[in-house]
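Accompanying notes for the structure given below.
Just so it is clear, none of the values below were taken in a lab; they were calculated from the coordinates. Owing to the predicted nature of the structure, the values given are computational and were not obtained by experimental measurement. Here the Cβ positions follow ideal geometry from the backbone for every residue, glycine too, while neighbour counts run over all protein chains shown.
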Amino acid sequence: MGAGKTSTARKLARIAGVASVDLDTYLERRFDRRIADIFAESGEDAFRRMESQILAEVAQGEPLLVSCGGGVIVREENRQVLRQRGYVVYLRLAPREAAARMRNFKARPLFKDLDAAERLYAQRQRHYEQTADVVVDTAGRSTGSVAHELFRHLRRKGILWQQA
Ligand SMILES: Nc1ncnc2c1ncn2[C@@H]1O[C@H](COP(=O)(O)OP(=O)(O)OP(=O)(O)O)[C@@H](O)[C@H]1O
Ligand SMILES: O=C(O)C1=C[C@@H](O)[C@@H](O)[C@H](O)C1
Ligand SMILES: [Mg+2]
């Protein structure tokens, strides 16, 4: 949460000239509900089911730059989809630094306070690392710097072919 997945993917999509989708935004539009409302009214399990459905849909379509929600990694079925269908980038940032960046806490119901975020991160960290094809540390870096590094990396790997 707050590592910059949404903002960096938006920038990378512009640099690379590729289509992109933000899973959280798509989920909200698709179900016509805000994530905070889904958590409040239906609970996390309901949200996770919707998230898995959306991820599976997106993964079946054309190649796409996808920024996921921070918790997509908690379900094994999602990790499988990501590993099998995706080239997975882990944007790494310690919760303390993520909290310092964050403005809209209401939109992230699981990021209630720093302690809660630290606990989540401790549970998730190994999944992030094991699912990722590449890890990029983002502390103290602009989204532009991270996006340009990724652009070069993905071209080197033959995943992006477009010219800037
Ligand atoms: N490299 C950065 N430097 C400074 N601020 C940043 C950086 N990346 C993102 N931010 C800011 O941090 C906040 C969270 O960023 P963003 O929404 O892109 O994170 P996210 O990883 O998509 O989070 P989530 O897991 O909740 O979807 C935003 O206010 C954004 O402007
Ligand atoms: O880390 C998480 O579990 C979440 C992150 C956000 O992107 C949203 O997907 C939602 O708030 C849950
Ligand atoms: Mg996001």
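Where only DSSP H runs of four or more residues are counted, the chain gives -19000 deg cm²/dmol as its mean residue ellipticity at 222 nm, each run worth -39500 (n - 2.57). For segment 36-42, backbone phi angles converted through the Karplus equation (6.51, -1.76, 1.60; θ = phi - 60°) give residue-by-residue couplings of 4, 5, 4, 4, 5, 8, 10 Hz, Gly and Pro being listed as x. Relative to the longest principal axis of the C-alpha atoms of the chain, give the angle of the C-alpha long axis of helix 114-131, reported between 0 and 90° and rounded to the nearest 10°. That helix lies at roughly 40 degrees to the long axis.
Given in Å, the Rg to one decimal and the Dmax to the nearest whole number for the Cα atoms of the chain are 15.3, 45. This model, with +1 at the C-beta of Lys and Arg and -1 at the C-beta of Asp and Glu, gives segment 5-156 a dipole about its Cα centre of some 500 debye.
Could you calculate the contour length gain from Ala56 to Lys112, that is, 0.36 nm times the residue separation minus the distance between their Cα atoms, to one decimal place in nm?
Details: separation 56, 0.36 × 56 = 20.16 nm, distance 2.81 nm.
So the chain would gain 17.3 nm between Ala56 and Lys112.
Say R0 is 22 Å: what FRET efficiency, to the nearest 0.05, do Ala46 and Ala94 get from their beta-carbon distance? Please list the in-between numbers first.
Details: r = 29 Å, r/R0 = 1.34.
After rounding to 0.05, the efficiency reads 0.15.
Under the Karplus relation 6.51 cos²θ - 1.76 cosθ + 1.60, θ = phi - 60°, what is the ordered set of whole-Hz ³J(HN,Hα) values for segment 26-33, x standing for Gly and Pro? Ordered by residue, 3J(HN,Hα) equals 4, 4, 4, 6, 4, 9, 6, 9 Hz. Indicate the gyration tensor shape class of segment 33-119 (rounded, prolate or oblate), computed on the Cα atoms with a ≥ b ≥ c the square roots of the eigenvalues: a/c under 1.5 is rounded; otherwise a/b larger than b/c is prolate and the rest oblate. Since a/c reaches 1.5 but b/c is at least a/b, the shape of segment 33-119 is classed as oblate. Taking θ as phi - 60° and the Karplus parameters 6.51, -1.76 and 1.60, the scalar couplings of segment 2-14 work out to x, 6, x, 4, 5, 5, 5, 5, 4, 5, 4, 4, 5 Hz in sequence order, x denoting glycine and proline.
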